[in-house]
1. Under a Cβ-Cβ cut-off of 12 Å, what is the net charge of the residues other than A:Phe50 that fall near it, where Lys and Arg count +1 and Asp and Glu count -1?
2. Counting other beta carbons within 10 Å of each Cβ, put B:Trp52, B:Trp110 in order, fewest first.
3. Okay, helix-only estimate at 222 nm for chain A: each DSSP H run of n ≥ 4 adds -39500 (n - 2.57), divide by all residues, round to 500 deg cm²/dmol; what do you get?
4. Pick out, in residue order, every one of the trypsin sites (Lys or Arg not before Pro) in the range A:166-226 that is DSSP loop and has at most 13 other C-beta atoms within 10 Å; say none if there are none.
5. When chain B is treated as a GNM, springs tying every alpha-carbon pair under 10 Å, which of B:Tyr62, B:Tyr153, B:Tyr139 comes out with the largest mean-square fluctuation?
6. Averaged over every viewing direction, what's the projected area of the C-alpha convex hull for the range A:130-278? Give it in nm², one decimal, please.
7. Can you find, among B:Asn43, B:Leu114, B:Pro79, the residue sitting farthest towards the positive end of the charge dipole of chain B, where Lys and Arg contribute +1 and Asp and Glu -1 at Cβ?
8. About the Cα centre of the range B:41-164, how large is the charge dipole given +1 on each Lys and Arg Cβ and -1 on each Asp and Glu Cβ? Please answer in debye to the nearest 20.
Amino acid sequence: MQTNRDDFIIAIRSAFLKKGNQQRFSLIALILFSIFIIVLGKYNFKGVNFLKLSIKEIVYRTTFIVSVPENFVINSYHTISDHFNLYSNYENLKKDYESLKATKLNADFLKSENEALKSKIDDVSTQSSELLAKVIIDKKSPFLRSVIVNRGSKDNVILGMAVLDEKFLVGKVVEVNYSTSRVLLLSDLNSKIPVSIEPNGVQSILSGTGSSFGEIQYIKEDYEIENNSEIFTSGSGGIFRSGIPIGTTIGDEEIGLDTIKIKFHSDFSQLRLVKIVSFEEVKQND
Amino acid sequence: MIEISKISILGKIFNSLPIIILFISVLNEFDFNYLNFKYFSFNFPFILIFYWSLKGGEKLGYGLVFIAGLINDVVVGLPMGISSLSYLLICGFAVYLRNITLRPNLVKDWLFFLFTISLVNSILYIVLILFFGIDMNFYFLFFNIIFTFMFYYIFSYIFDYYSKFNITR
């Protein structure tokens, strides 16, 4: 019994404490160093932050280059599947176009009416400035859903700015480096956005699920939400302006769960160019 | 002389393929996610590090494994040091298995790999949730472990085949 225990200790000691033949460091020293970095990172130690920034700048660029062959394969795969789906897509787009034509006329009228009314009650409206950014890394880790874009603090990107794909919200800036930034996508489990569910204007929080759809959280049971309700940013908390379209609710039968699921308007796996947007409130009478 | 030095350089590159592939995989994070199979993902660096640490320490230097972990944290967006810790723990468990094994057996290695990645991912999960307050989808992690476990068997054959062409010079 004693011998077995000794053997176990010797094997463990040999594995973790001894330096291997061609190893410069012992395993335990590097494990302790990793734990040290984790602890310093947790408390935002300046040295670790500086190390992080330096590594990020180099790694993001290198990853972009290393990913070229894989991106070629992915793009070819999408091109081929798009060709196969061409006819069905065309039919769907034709239907959508007809319904959108009518909706747009209505929306234009409502927009101008809204602006006129706002100016009458001395309300504030928002003015936005946009910055076009290219997605340089789009690695879907099972743990975090985020992308890296080629705009950073040198382009006046700041934390919390909204990121749009065309007109649709896709995420917000959560990390800013000198020439790159990380965008946390709405599908990430850690993303929480205040939203408004139309047509009833129910206020709630949209949370990511780690999958391709979102989930409505913190809503009272007595509010009835219909299928295909439109989800917009509510503007609460002043993070984003109100009215940015996000997605639509989908029925329980499609997902098989009791919670309300959201299908995003934008396909996060296809992001190539995005807009980083900052909003500024402007008095109507100014 | 030129031919000899050429062979020597090619040989060195060929022998360093595991570490080169490790760096490419952490920089590239290839995982076939674009196929949009629900929950499908696997951790290729875990397979590579476990296999080559088990076969002998010359192919993967611990220092390089540590740096690969730091790069992976940056690419994926995890707090710094998390992947390094998990990679080094995998190295440690693989070396331990090597030390106690007299007659290597693929099935036993495979099962020990499942135990190792389950333990390492559990540590990762606990650290991220309790220490950093980052939410993680437990099902994604679970299926990641299962697929990584399954792919080990396939990759071990590929790596065995590569080992046969080891260039000594």
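1. Surrounding charge for A:Phe50 is +2.
2. Exposure proxy ranking, most exposed first: B:Trp110, B:Trp52.
3. When only DSSP H runs of four or more count, the value is -13000 deg cm²/dmol.
4. Qualifying residues, ordered by number: A:Lys167, A:Lys220.
5. Checking each option, the largest mean-square fluctuation is seen for B:Tyr139.
6. Dividing the Cα hull surface by four gives the mean projection, 8.3 nm².
7. B:Leu114
8. Computed about the Cα centre, the dipole is about 420 debye.
Bear in mind these aren't lab numbers, they're just calculated from the coordinates by the rules spelled out. Values in this document were obtained by computation on a predicted structure and should not be read as measured data. Because the Cβ atoms are built from the backbone with ideal geometry, glycine has one as well, and the counts that use them run over all protein chains shown.
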